[in-house]
Structures are given as C-alpha cells and as structure tokens.
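The values are calculated or read from the model by the stated rules, or taken from the named source; none is laboratory data. These numbers come from a predicted model, not from an experiment. FYI the Cβ positions are ideal-geometry reconstructions off the backbone, even for glycines, and counts take in every protein chain you see.
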Amino acid sequence: MIAQLRYGSGVPFQRLERLEANLGIPLPAATQWEVVEEKAELLRPAFEELIGQAAQGELAHNDDTSMRILKLAREPAPEGKAERTGVFTSGIVSRVGAWFIALFFSGWKHAGENLAEVLKQRAPGLQPLIQMCDALSRNAPKLSEGVKLLLAYCLAHGRRQFVEIAANFPEQCRYVLETLGGVWYNDELAREQKLTSEERLTFHQQHSGPLMKSLKEWMEAQLARRQVEPNSGLGKAIQYMLRHWMPLLLGSPAYRSGHMLLVVTFDEANPFSPEGATACCGERPGPSWAWPGYAAILSAFGVPKPTAPGQYPGGGRIGAVLLNARWITPGTVDSTHTLAFTGTLSNGGITGTLNFSEVFSGPNTSGGTTTGSGSTSFPLTLR
C-alpha cells in the first residue's frame, strides 16, 4: 500500500508519515523508503521484462522533467565535457499491439539516453519504431547498430507557439490554428471510424496532406515576402515550425521505402564570377528565397545584398543535395553519377525528363577490369 500510494498516486513519504501518525501508526518517511526499497527487488524481474517488451513496440512517446534526489551517484563526465548537475525523471510509453507499457527512469540521463538503453533490447528485423516527442534535442536517442526509428515531432508543441502569441497576431494565428484544427478533426474522424494504421495514414495523406502543404507554403511566403519580422513572436513561431518540418518528410513511408529521391536545390551563383555574370533566364524569386543569384554566404565575402529582386542575374549555377533512404549514404560525395533535369515551365509546374547516368569500373571474371557507362530517364513534373 505504501508503494501504491507513493508511486501510483504520487503521495510523498512525508505526507504519508503525517497521515499514518493521525491513524496512530508511527512510521517515519525514512523507514517507509527502506520498506519499499526492500520489496522493490522482488518486482525487478517484472520490471526488466516490461523493458524488454516495450523495446518491441511500434510506437513510443518519451519526455522528461526535472527531479530532486538528495544523493545520486553519477558516472564520470566524458573527457572534455562538463559534469552534469541535473537530475531527471524520464517517462517512456510504448505501444505494443493493443497494450501500452509505461516506464519511468530517474537519474542523470535524459529521455533520449534512456530510450536508447531500452531499444538495445529491440529484436532485429522489426519495422522502424515511431518515436513521438517534442523537438528538444535530448529526446532523440543515439541508436545501437541495426536499430531504426521514425522521428515524429509533436505537432501540439508547434501549435502552442501560435497559441501563446495569438493576442498579438490574431489574424495570422487564427489561420494557423484553424488549419491545424482541420488536421485534428481528421484524426478524430479516423479514430471514430476505427481505421487501421495503414488506413489512417492514407486518410491523413488524402485529407490532412493538402492542409499541411498549404500551411507550409503560407509560412514560407510570410518570411520570403517579408510580411513578418523574423525576430518577432510570429516570426519565431513560423521558423520553429519550418525548422522541424523536414523530419516529417523524411519519415514518410515513401521515403523510408527507398522509392523516393529527395532533391534539395539551392542557388550557388556568385554575381561576380564568370558563371554568375553570364547567367541566363532571369530566375524569379521563389517562396524560400527572394534574391535569386545571391547566396546568403556571399555576405561573408563582402558581396552586398541586393536591394531589389532581379538585381543579380540568377540561374548561373545551381547546387543540389540528394537524399534517399536506400541508395545514398549520408555525408557522401559521388562523382560517378550524374543527375540532370530538363523541362519546360507552365502554370501546372515544370514538366520534363530526369536523366540519371553512371560511369562504372570493376574487375571481371577474366582477371581484368571492365569499364562502361549506363543511363536511364523517366518523365517528371515539378510543382
């Protein structure tokens, strides 16, 4: 009963001591702790089993909060890093089939570190775990080899940024909150219809996807067209949302399957270089950058920022970062493959052909070396 009241109902030992004293049972708080500590060892095998079961879940929520412990043995800090002084209680809730398993850990480790310890017991070959948390970096675990997860940031935390400033920016915040409200409404409909996980995903892609797309475009336009001061409350709320948008895309089933090639392009033109000086096409401002032909890094080299769109030619040199969950290793540079897109601009987007070519060289069965090349292409429309 002491353990149930303390850890099940959150009644402090000191309060239990006063309650028991009123009932004529003198039992100091320190004695209560000794009783609970002794009996806890009998439950440790069950606790270890729950950790092992939670590691096999398909969805996990984790977070932590500060905690006060009078005396705590700490591990030595890594070389070059200051010793931690905080104490935290981490909560991890794992969904395993129809069951939810709640785990709590108190100590110097953060929520992400505790989740990483749990996932060390995850069986190989399982689908990536979906991790739901806020965007605080200490919630993300450093995974063991072979363990994969899908990071899903909590949308409610992004929404809260706009709720807190709604009085100062009523019109803009109303648009954001009503758009997000549509997403929550769709989720409630999915729950009422008792859709499976796959059906619920398809339902959100069809009904919530357009809402989120329009919201992202609106936020990018607010910054690109300078309709909001970046350092204002609204500007910071928008930047918070956009800063954490990429994990939503990288966590999509299409990307995780390896069938999606993500191409992130950026203008590398230098208006004072031969490429920039002869740039063609009069590239127009886009939602993410209002100054084509001028890369932000140029300011570090004394290149003045343009005073009006079109001052620098743009379109002289375009760089790209390619992302693919199956075929591209993060952080690598590949000089044997070439990716080129040619197309025509129309009201519906850019329609053309994506060409992929490869130069290869390797040993053959005769002991020599075979070299060659290959290429493929397919139609593509960019909107």
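Below are the figures for this structure:
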read-out: Sole exception among (1) in a loop (DSSP other than H, G, I, E, B); (2) surrounded by 12 or more Cβ atoms within 10 Å (Cβ to Cβ); (3) touching a residue at least 40 places away in the same chain (Cβ under 8 Å) for ALA123, by number; value: (2)
read-out: Filter pass, VAL36 being outside the structural domain of LEU149 (by TED's automatic domain parsing), more than 30 Å from GLN131 (Cβ to Cβ) and either at pLDDT 90 or above or in a helix (DSSP H, G or I) (or both); value: yes
read-out: Filter pass, LEU195 being of a type outside the set (D, E, K, R) and assigned to a helix (DSSP H, G or I); value: no
read-out: Segment 69-98: number of residues that are touching a residue at least 40 places away in the same chain (Cβ under 8 Å) and either loosely packed, with under 11 Cβ neighbours inside 10 Å or of a type outside the set (A, V, I, L, M) (or both); value: 1
read-out: Residue within segment 53-61 that is in a loop (DSSP other than H, G, I, E, B) and among the small types (Gly, Ala, Ser) present; value: yes
read-out: Within segment 205-253, tally of residues that are modelled with pLDDT of 90 or more, charged (D, E, K, R) and assigned to a loop (DSSP other than H, G, I, E, B); value: 1
read-out: Matching residues, segment 128-171, being out of contact with any strand residue (DSSP E or B) (no Cβ under 9 Å at 6 or more places or on another chain), crowded, with 16+ Cβ neighbours inside 10 Å and either in a strand (DSSP E or B) or touching a residue at least 60 places away in the same chain (Cβ under 8 Å) (or both); value: GLY158, GLN161, PHE162, ILE165, PHE169
read-out: Any hit, segment 86-107, residues being in a helix (DSSP H, G or I), of a type outside the set (Lys, Arg) and within 39 Å of the chain's Cα centre (by Cα); value: no
read-out: Residue that is nearest to ILE130 (Cα to Cα), among those in segment 198-215 that are surrounded by fewer than 16 Cβ atoms within 10 Å (Cβ to Cβ) and touching a residue at least 12 places away in the same chain (Cβ under 8 Å); value: LEU201
read-out: Selection status of PHE100, in contact with a Ser or Thr (Cβ under 6 Å, 6 or more places away or on another chain) and farther than 30 Å from GLY233 by Cα; value: no
read-out: Per-region count, segment 20-32, residues surrounded by 13 or more Cβ atoms within 10 Å (Cβ to Cβ) and either touching a Phe, Trp or Tyr at 6+ places or on another chain (Cβ under 6 Å) or assigned to a loop (DSSP other than H, G, I, E, B) (or both); value: 4
read-out: Test: residue in segment 90-106 that is more than 30 Å from SER197 (Cα to Cα) and not acidic (Asp, Glu); value: yes
